[in-house]
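Note sheet for the following structure.
The values are calculated or read from the model by the stated rules, or taken from the named source; none is laboratory data. Keep in mind the model is a prediction, meaning the values are calculated, not measured. Keep in mind that these areas ignore ligands, DNA and RNA; they rest on the heavy atoms of the full protein, side chains included. Shrake-Rupley method; radii C 1.70, N 1.55, O 1.52, S 1.80 Å.
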Amino acid sequence: MVEHRSQPGWAKVEDYLSATLVQGGAGMDAVLRSIDNAAMPHIEVAPTAGKLLMLLVRIQGAKRVLEIGTLAGFSTLWLVRGLPDDGHITTCEFLPEHAAVAQANIAAAGFADIVDIRIGAALDTLPALVGGEPYDFVFIDADKGNNVEYLKWALKLGRPGTVVVLDNAIWEGAVLAPGEDPDATAIRAALEFMGSSADLDATAIQTVGTKGWDGFAIADVR
Ligand code: DHB
Ligand code: MG
């Protein structure tokens, strides 16, 4: 990702919003510590964004969530918190060592029975989900190069009314001039796919904060 040019004010306001509105609790602090302990990259969603995912799942009334890109399970646990007791999450993680950290975090938070981690490249593990009940909510936050493929999988595994959220839709503005950056090129392709697909009603929102200048794209499956 290009260097952050985030203004300190944004990060300070983000910290204020997290402290005032989010109150993630001990479980979430433990997840953040586990990322440090495992020397994993701190590319998890901001707490304010995690809580937005929780609220979107709840507002949607989703029971079945598909996440592509588990990392340490921080966003997974926010998604879980939006679900009813009989909800379920399938989450795809490429790296076994990251999946192990996530599994421990999810178990420690008491949600091992409703989160199913699929280890390996998502494009290899997603086909096994065909034929199951459709997913109500899909969160995509993995290798950016496959974003368009993941959106196609969201359509395949969703239903009319499924909500799709894509992280990192702005990428410090690089989406406007991707140049040689393959991630920015892929993010732009994903936005163009979302804008032109007859099966999606989409928009995107830019965000600034502790993670710099980025944003979410969100879509409703028709
Ligand atoms: C990166 C990936 C992310 O999903 C994110 O939210 C921020 C940064 C990265 O690969 O640099
Ligand atoms: Mg992300």
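Dividing the Cα radius of gyration of region 8-221 by its Kirkwood radius returns 0.94 for Rg/Rh. Residue ranking by accessible heavy-atom surface, 1.4 Å probe, largest first, among PHE193, PHE94 comes out as PHE94, PHE193. Solvent exposure of region 8-221 amounts to 44 Å² per residue of accessible area, where only protein heavy atoms count and the probe is 1.4 Å. For the chain, relative contact order (Cα pairs under 8 Å, six or more residues apart, normalised by length) works out to 21 percent. Listed by chain and number, the lysines whose C-alpha is less than 23 Å from the C-alpha of LYS12, apart from same-chain residues fewer than 8 away, are LYS51, LYS211. Ordered by solvent-accessible area of protein heavy atoms (1.4 Å probe), largest first, the residues ARG118, ARG64 come out as ARG118, ARG64. Probe 1.4 Å, all protein chains in place: accessible area of MET54 in Å², nearest 10? The value for MET54 is about 20 Å².
Taking all Cα-Cα distances within region 2-107, those exceeding 17 Å account for 56%. Legend: residues LYS211, LYS12, LYS63, LYS144, sorted from most to least accessible area (1.4 Å probe; ligands, DNA and RNA excluded), read LYS12, LYS63, LYS211, LYS144. Helical runs assigned H by DSSP (4 residues or longer) give the chain a calculated mean residue ellipticity at 222 nm of -12000 deg cm²/dmol, each run adding -39500 (n - 2.57) before division by the residue total. For region 122-189, what is the relative contact order in percent, using Cα pairs closer than 8 Å and at least 6 residues apart in sequence? Taking the mean separation of contacting Cα pairs over the length of region 122-189, I get 35 percent.
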